[in-house]
Structure formats: structure tokens, C-alpha cells
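The values are calculated or read from the model by the stated rules, or taken from the named source; none is laboratory data. Keep in mind the model is a prediction, meaning the values are calculated, not measured. Here Cβ is always computed from backbone atoms with ideal geometry, including for glycine, and neighbour counts include all displayed protein chains. When the accessible area is computed, the model is the full protein with side chains, heavy atoms only, and any ligands, DNA or RNA have been set aside. Shrake-Rupley method; radii C 1.70, N 1.55, O 1.52, S 1.80 Å.
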Amino acid sequence: MAVSLENPLAYCREKVSGETASLHYATLFQTEELKAFWLGCFTLNHELRQACLKQLEAGLTQVKLGWWQNALANAGGNSNPHPVITAISKPVIATLPAEHWGELINRVASGCEPKRYNSMADWHNDVLLETKPWVHLVQARFGYPNTDCTQLLEFWTSATRLCQLLRLAKYLDQGFQPLPVELLAKHGVTADQIKRREHSEASTTLFSEVGEHLLERTDLAWKNMPADQRLFTRPLRALFRMRVAELKVHQAAGYRLLTEQKIITPFKKFSIAWTTQVLRW
């Protein structure tokens, strides 16, 4: 019997996908089932991050994360699952071992901790480890548990790093500054200047170099990804292309990433989603 996705979709939309949100447009041309899967994944990530970031006591955080781990590990036998589990697909979740969910939750929690990286490789490897459990979930959903998804992992990792760069002003409020020490030293920019949101010619050059580096890595991974994987990860591609458009707006304004967040228009998001899903750009 088909499972109704009306309530799970409504729950996920309320959490992560408002009418003008990038994720709303990135999944706009997906079937209801695939839309539920992707929104479910992003909502699960949101719920786990909120448990880590908003709980005032560590004990309460552990209780909340423990509840999620138990709910995911035992999804197969639950007749009344959480809306997020229904959205992702209870049978898909049940195919993954219990330890997978512990790893995924630990990686999300790790991603909420303030960090400093010494090199670009350190930054890349840390985000890659956080992304890997999600790739395993995508493999389970689309029937590729034993398929090489190296390029998908590379694409998702580099696209996430680009998003972190674009959200630098927001992340500074959370004590997170991803730009590596070696890179700051190369351009003569100090961590204190970044923290104080001081914009300069050196910081402009720094952000330009990092942005170009991440674009090259992400585009190369996408080109090297098997065609079938590019097909089912179109929502991730659409989100990346929206971030590219956002980066271009920042470029025109002098890369003032420390103080501003550029928002592209809903029409721009719609056109990117349409060309990604329909024209397969």
C-alpha cells in the first residue's frame, strides 16, 4: 500500500523549505517521492544540528541525539515513524545498519563544533568525512550500495565548502571560521581581521582565490560523475548552481563576504532549477 507523503512533506517544508528558499526551487521539478526524500534528508540534518546548537545542556543534547539514533536504527519495526523518516523512506532507512546512524549523527555533531584548519586539505577532508554518511544514504535510496561514488562525494564536499565560504559572515557569529591558517598567511590576512570583519584588498584576493578553487573542484567532480548519478542528484546540482550565481553577485560587489550575504531572486532560483532539471545543465 502506498504511503501518504502529504504530512511528511508539510513537516519538512515548514522546517527547511519555505516558498522562497533555495531548497524549495532545487526540488521543485522532482516527483513527490523524490522531493520527500531530499527534503527529508535536509530536515534530518536540520533537526540534528538544532539539537546540537540550541540545547543549553550537553545532557539534553545527548538525549535528543540518542532519540534520533534509536528512531533511525529501529525504523523498520516502527508503525508510527517520525515524519522525517517517512519522507526519507522507512524501507530505505531500514536497509542501513544501526551503526550507520551513529556515524551520521556523530558527523553532524562534529560539524557543529567550532574548528580551525591548517590547510585546504584539512578543510576538505573534514567536510568529506561529514558528507560521507549522507552519500551512503543516497546510495541506499537509489540502489547503488556497492557503486563507486567517489566523484559524488567530491562534488558534494566541495559544494558544501563553497556554501561555507558564502555564509562566512553568519558562521563567524557561531565561532566557526573555515579558512585555513596557511591560506590566511599566504595572503597576509589574520584570523583577528576576519573575526573583526575587516575587509581589504588582501581579503578580496583571498576570497576570489578560494572561490575559484572550489568552483574548479566541484565542476570537475560533476563532469567525472557517472551519468546515472548526475541524474538522481540534480537537486544537489541545482543548489550548487544557485551558490555559483550568489558568488558572482559577491564578485561584482568586491567579495564583501565578511559583512554581507547576497540573495539571488526567486526568479533566478526558478530558472536555475528549471535548466538543471529539465535541460540538465
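Can you pull out every residue in region 48-61 that is surrounded by fewer than 17 Cβ atoms within 10 Å (Cβ to Cβ) and not hydrophobic (A, V, I, L, M, F, W, C)?
R49, Q50, K54, Q55, E57, G59, listed by residue number.
Here's the yes/no breakdown for (1) in a helix (DSSP H, G or I); (2) modelled with pLDDT of 95 or more; (3) touching a helix residue (DSSP H, G or I) at 6+ places or on another chain (Cβ under 9 Å):
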residue	(1), (2), (3)
C41	yes, yes, yes
E47	yes, yes, yes
C52	yes, no, yes
L56	no, no, no
Q69	yes, yes, yes
L72	yes, yes, yes
P81	no, no, yes
A87	yes, yes, yes
V92	yes, yes, yes
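Do you know which residues across region 232-254 are outside any helix (DSSP H, G or I) and modelled with pLDDT under 95?
If the condition is that a residue be outside any helix (DSSP H, G or I) and modelled with pLDDT under 95, then A253, G254 are the ones that fit.
If you scan region 1-36, which residues turn out to be over 24 Å from F267 (Cβ atoms) and in a loop (DSSP other than H, G, I, E, B)?
Passing the criteria: M1, A2, V3, S4, L5.
Looking at region 62-81, can you tell me whether even one residue there is crowded, with 17+ Cβ neighbours inside 10 Å and hydroxyl-bearing (S, T, Y)?
no
Considering only residues that are in contact (Cβ under 8 Å) with a residue 60 or more places away in the chain and under 15 Å from R217 (Cβ atoms), which ones fall in region 125-165?
Listed by number, the residues that qualify are Q151, L152, E154, F155, W156, S158, A159, L162, C163, L165.
Restricting attention to region 168-212, which residues are of a type in the set (G, A, S), at positive phi and in contact (Cβ under 8 Å) with a residue 24 or more places away in the chain?
Applying the first criterion (of a type in the set (G, A, S)) to region 168-212 yields 169, 175, 185, 188, 191, 200, 202-203, 208, 211.
Remaining after also requiring at positive phi: 175, 188.
Answer for region 168-212, where residues must be of a type in the set (G, A, S), at positive phi and in contact (Cβ under 8 Å) with a residue 24 or more places away in the chain: just G175.
Of all residues in region 165-214 being in a loop (DSSP other than H, G, I, E, B) and polar (S, T, N, Q), which is most open to solvent (accessible area, probe 1.4 Å)? Break it down into steps so the answer makes sense when it comes.
Of the residues in region 165-214, the ones in a loop (DSSP other than H, G, I, E, B) are 167, 174-180, 188-190, 196-200.
Applying the additional criterion that residues be polar (S, T, N, Q) yields 174, 177, 190, 200.
Details: Q174: 87, Q177: 16, T190: 67, S200: 50 Å².
If we take residues in region 165-214 being in a loop (DSSP other than H, G, I, E, B) and polar (S, T, N, Q), then Q174 is most open to solvent (accessible area, probe 1.4 Å).
So if I check each of L162, L137, L152, which one is open to solvent by less than 40 Å² (accessible area, probe 1.4 Å), touching a Cys at 6+ places or on another chain (Cβ under 7 Å), of a type in the set (A, V, I, L, M) and outside any loop (DSSP other than H, G, I, E, B)?
L137
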